[in-house]
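Working notes for the structure below.
The values are calculated or read from the model by the stated rules, or taken from the named source; none is laboratory data. Note that this is a predicted model, so its numbers are computed, not measured. Quick reminder, even Gly has a Cβ in these numbers, built from the backbone with ideal geometry, and neighbours come from all protein chains shown. What goes into the accessible areas is simple: the full protein's heavy atoms, side chains included, and nothing from ligands, DNA or RNA. Shrake-Rupley method; radii C 1.70, N 1.55, O 1.52, S 1.80 Å.
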Amino acid sequence: MTEYRTDARTLTLEAFADTILPGEKRYPGDRAVAGAAPGPGAVAAGAIELIEEPAAGVVDALDFLTQTLGEKATAWAEEHGVTLDEDVPPFVALPFEERTSLLRTLLSRDNPERDGWVLLTMFSNMAYDSAAHMHTVDAIEAGHPGLLAMGVTKPDADGYWRFEHFSYGRQLAEVHPDTLPNGSLG
């Protein structure tokens, strides 16, 4: 059985990531993942692992961002007549539609505080789109949901990826005459 972290910061970050790229609930009582979309979303793809990776450069700001998001959620709920369940952090307690509306406001171009929210958004997407917190081969072997959805497959036996079809459906340029068999320029 998988154990899930239940600290306020993790739950809030999971709810944020799930609002950006929704997925199905991980278990029946899941509050952070709203279950707004079928299949795995950002949380299942490892958004929290990526956001908490020191190399991401946001770790020192996470406590501040989650506290601020809680304050913004509380103010949003009061302004919009939403009663929050006090058993979970304020952003987690917002219904999915309200989470989405709040994030739309926080991420808007005219919000002078948007930079931190944009970073969390980017990392939520990166976790799904590229498994940036994992080696690609390990992510594929683990069944990473984003890479599976995009059809990324294992490399050839020699460790190189080769693609039978061009990604744009046609060849965009001729292979450079100095290209070596491994794809590098000589």
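Annotations for the structure displayed:
- Scanning the stretch 60-116 for residues that are open to solvent by less than 80 Å² (accessible area, probe 1.4 Å) and β-branched (Val, Ile, Thr) yields Thr66, Thr68, Thr74, Val82, Val88, Val92, Thr100, Thr105.
- Restricting the stretch 68-103 to residues that are more than 14 Å from Ala15 (Cβ to Cβ), assigned to a helix (DSSP H, G or I) and among the charged types (D, E, K, R), the residue that is nearest to the chain's Cα centre (by Cα): Glu71
- Some residue of the stretch 34-53 being free of Cβ contacts under 8 Å to residues at least 24 places away in the same chain, open to solvent by 70 Å² or more (accessible area, probe 1.4 Å) and assigned to a helix (DSSP H, G or I): no
For every residue, the table says whether it meets (1) within 17 Å of Phe16 (Cα to Cα); (2) not in a loop (DSSP other than H, G, I, E, B).
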| site | (1), (2) |
| --- | --- |
| Thr66 | yes, yes |
| Thr105 | yes, yes |
| Leu119 | yes, yes |
| Phe123 | yes, yes |
| Met134 | no, no |
| Gly146 | no, yes |
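- Selection status of Pro28, in contact (Cβ under 8 Å) with a residue 60 or more places away in the chain and not in a helix (DSSP H, G or I): no
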